[in-house]
Amino acid sequence: MRLQGIAVSPGIAIGKAVVIGQDSFSIPREYVEADAVEQEVARFREALQVAAREIENNRDLVTRELGPKSGAIFQAHLEILEDPKIREDVESLIRNRQYSSEKAVSLVLRQFAEMFRRLPNPVIADRAYDVLDIERHLLRALLGQPHRSLYHLTSPAVVLARNLTPSEVANLDRKMVRGFATELGGPTSHTAIVAQGMGIPAVVGTGPFLTEVSGGDIVIVDGDRGIVIVRPDESTLREYEEEARAIRAFITELEKLRDLPAETLDGTRIEIYGNIEFPHEAALCLQNGAEGIGLYRTEFLYLGRNDLPSEEDHYQAYCEVVRIMGDRPVTIRTFDLGADKVPLQLGLEKEANPCLGLRSIRLALRYLPLFQTQLRAILRASVCGNVQIMFPMISTLAELRQAKLMLAEVMEDLAESRIPFRRDIPLGIMVEVPSVAVTIDRFLDEVDFISLGTNDLIQYTLAVDRTNRNVVNMYNATEPAVLRLIHHVIQEASRKGVPVSLCGQMSSHPLHTMLLIGLGLRKFSVAAHSILEIKKVCRSVTVQQCEALAKRALEMDHARDVQALLREQLIKLIPAFSRIM
Ligand code: PEP
Ligand code: MG
């Protein structure tokens, strides 16, 4: 049996199936007597406390093992659990309708999950799975049931379930679980993020199939293509085993590149920097040979907490990155909040078009004390290492000048207070709005460096919301308009001798490496786990080959033709990449 699902965590897992069929708890008693209502409310409150302790333990475990990004998922669960609305609704059902705690909890949380599921934004809709995770914690606390059997595996297995919540994945035994597949689940669910962090191949959203699998059946989970094969025939099994072996060999080969430079075959040096969201990720960048941090997304300091980060919180975070990176450049991007990264602390009004609204540098220039706090911290950190400052989503010269003015004011404040900082701290901007790309020559005179933020540049050039599932097929890095803009920006920057990098997701995919080198890019800033793959491409090509390829790509009419060309060329040079294309 072969099923198509959504690939959420890469790699191939082959093993015997452990089937977890049960998705909901059976509720033994639906109503309570009128005189037992207060006792029932007390039982619910006790369950809240037990569930909170369980979630706190998960948060601490995951933060320790996978880092704060995954830990923040469980902090958010705690916040949902503590939501007074949920508590009021459950208690009102117990008091007014004499529902048992189990029935009331299930009703309220499932309604809450359904509300999320109906929202058009897929990222938010997938939060429904988080709510179901919380329901499970509460029901387990009420019914006194132990964790599902998947935590007590005694031999290696592939876990198959109707659904796995983020906390269930976080508690999987990494030594025993080779991979998992679930009937439910979405691409942006937290389950997916935790699985990636743990390096467990996973496929979700296959649709119903569990009734047709028995424990012990051989199963293949292909976490790159989103395929699950139950009871494969001999030849499929052999093919997959061979592929898994080839992947392991390729990974070993990539690891040998850690300390080698990203130099093309004809001797052109390409720089590879890392992108981070949390300070601890700098260590993995360094370990994979990053020459600096090209993008530190500092807005994550604001997310997943109730209060605002203090100047000291900022300062400590920046110093940690600088400490890890030594004298290598660390590019701190000022907060890029708004759109899909909403800071609840500011109580911002809901906007009809948040991507075109008060986000990023616009928000910073509206909430000046917030911006000043961050600028002070960056400047203070500038004397600890090689710190650069970068403004996101600049769209006009006036905006850039206003941001620079703020920086100058903060410098004066620090100087007056005799707090040391580096006055000539390099200053750059993200090029992610077409208005800046088109008139880049004007901006280049006023900055020390620029970085192409293609995630947003693609969105704004093509008028395609990067988070909208309905138009995802129109969001394409290789559209001719996008390529021309990138080419223009790189050419102008090179002409004026201003360093230019590209830190959008595009640079992290090996499919685009040759094209970008051909368009003149010499500095990539990529996700930590992509550094070695990008280096591998750089070391396998000549600039001449890349330029010829870019020339052909620029002449094409359609993104899909460019992609086909890039795929063909890359696989010809490095066949091992064929499986991720
Ligand atoms: C970008 O837009 O390319 C970028 C790197 O910024 P972010 O993805 O954080 O919006
Ligand atoms: Mg951006």
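The values are calculated or read from the model by the stated rules, or taken from the named source; none is laboratory data. This structure is a prediction, so every number in the text was calculated from the model and none was measured. Cβ atoms come from the backbone with ideal geometry, glycine included; neighbour counts cover every protein chain shown. Note: accessible area is taken over every heavy atom of the protein model, side chains too, but ligands, DNA and RNA are not part of it. Shrake-Rupley method; radii C 1.70, N 1.55, O 1.52, S 1.80 Å.
Cβ separations smaller than 6 Å between residues 6+ apart or across chains give the following pairs from segment 450-462 residues that are in contact (Cβ under 8 Å) with a residue 24 or more places away in the chain and farther than 22 Å from S494 by Cα to residues that are more than 8 Å from ligand 2 (Cβ to nearest atom) and open to solvent by less than 10 Å² (accessible area, probe 1.4 Å): T461/V482. Among the acidic types (D, E), more than 24 Å from L365 (Cβ to Cβ) and within 26 Å of the chain's Cα centre (by Cα), is that true of E479? Taking the combined requirement at face value, the residue satisfies it. Can you spot a residue in segment 300-314 that is over 20 Å from K523 (Cβ atoms), of a type in the set (F, W, Y), open to solvent by less than 20 Å² (accessible area, probe 1.4 Å) and in the same structural domain as S382 (by TED's automatic domain parsing)? So far as segment 300-314 goes, yes, one or more of its residues are over 20 Å from K523 (Cβ atoms), of a type in the set (F, W, Y), open to solvent by less than 20 Å² (accessible area, probe 1.4 Å) and in the same structural domain as S382 (by TED's automatic domain parsing).
Tally up the residues in segment 253-268 that are hydroxyl-bearing (S, T, Y) and closer than 12 Å to S540 by Cβ, please.
Of the residues in segment 253-268, 1 are hydroxyl-bearing (S, T, Y) and closer than 12 Å to S540 by Cβ.
Scanning segment 325-339 for residues that are open to solvent by 10 Å² or more (accessible area, probe 1.4 Å) and touching a Lys or Arg at 6+ places or on another chain (Cβ under 8 Å) yields a count of 1.
Could we say that G504 is in contact with a helix residue (DSSP H, G or I) (Cβ under 8 Å, 6 or more places away or on another chain), within 16 Å of ligand 1 (Cβ to nearest atom) and in contact (Cβ under 8 Å) with a residue 40 or more places away in the chain here? Criteria met by G504. Mind checking which residues of segment 94-117 are in contact (Cβ under 8 Å) with a residue 24 or more places away in the chain, small (G, A, S) and touching a Leu at 6+ places or on another chain (Cβ under 6 Å)? Of everything in segment 94-117, those that are in contact (Cβ under 8 Å) with a residue 24 or more places away in the chain, small (G, A, S) and touching a Leu at 6+ places or on another chain (Cβ under 6 Å) turn out to be S101, A104. Please specify each residue of segment 460-478 satisfying the condition of being assigned to a loop (DSSP other than H, G, I, E, B) and either at pLDDT 95 or above or among the hydroxyl-bearing types (S, T, Y) (or both). A463, T467, Y475, A477, T478 - these are the residues of segment 460-478 that are assigned to a loop (DSSP other than H, G, I, E, B) and either at pLDDT 95 or above or among the hydroxyl-bearing types (S, T, Y) (or both).
Please find, within segment 506-526, the residue that is nearest to L295 (Cα to Cα) out of those that are of a type in the set (A, V, I, L, M) and within 16 Å of ligand 2 (Cβ to nearest atom).
To start, the set of residues in segment 506-526 that are of a type in the set (A, V, I, L, M) comprises 506, 511, 514-517, 519, 521, 526.
Still in the running and within 16 Å of ligand 2 (Cβ to nearest atom): 506, 526.
Details: M506: 14, V526: 9 Å.
Applying the filter and picking the extreme gives V526.
Evaluate segment 333-350: report whether one residue or more is more than 14 Å from ligand 1 (Cβ to nearest atom), over 23 Å from H77 (Cα atoms), of a type outside the set (V, I, T) and more than 17 Å from the chain's Cα centre (by Cα). Yes.
At least 3 residues being modelled with pLDDT of 90 or more is the threshold, and among the strands (runs of 3 or more DSSP E) wholly inside segment 1-120 those reaching it are 2-4, 12-20. In the set (1) at pLDDT 95 or above; (2) within 16 Å of ligand 1 (Cβ to nearest atom), the condition left unmet by E277 is number (1). Residues that are of a type in the set (V, I, T) and open to solvent by 60 Å² or more (accessible area, probe 1.4 Å) within segment 230-257 comprise I251, T252, listed in sequence order. Listed by position, the helices (runs of 4 or more DSSP H) enclosed by segment 353-451 that each have at least 3 residues that are charged (D, E, K, R) and more than 16 Å from ligand 2 (Cβ to nearest atom) are 397-416. With respect to the conditions (1) modelled with pLDDT under 95; (2) surrounded by fewer than 18 Cβ atoms within 10 Å (Cβ to Cβ); (3) within 29 Å of E277 (Cβ to Cβ), A527 falls short on a single one, namely (2). Listed by position, the helices (runs of 4 or more DSSP H) enclosed by segment 125-220 that each have at least 1 residues that are open to solvent by 50 Å² or more (accessible area, probe 1.4 Å) and on the phi < 0 side of the Ramachandran plot are 190-198.
If you filter segment 431-463 down to residues that are of a type in the set (D, E) and within 12 Å of ligand 1 (Cβ to nearest atom), you find that the one that is surrounded by the fewest Cβ atoms within 10 Å (Cβ to Cβ) is D456.
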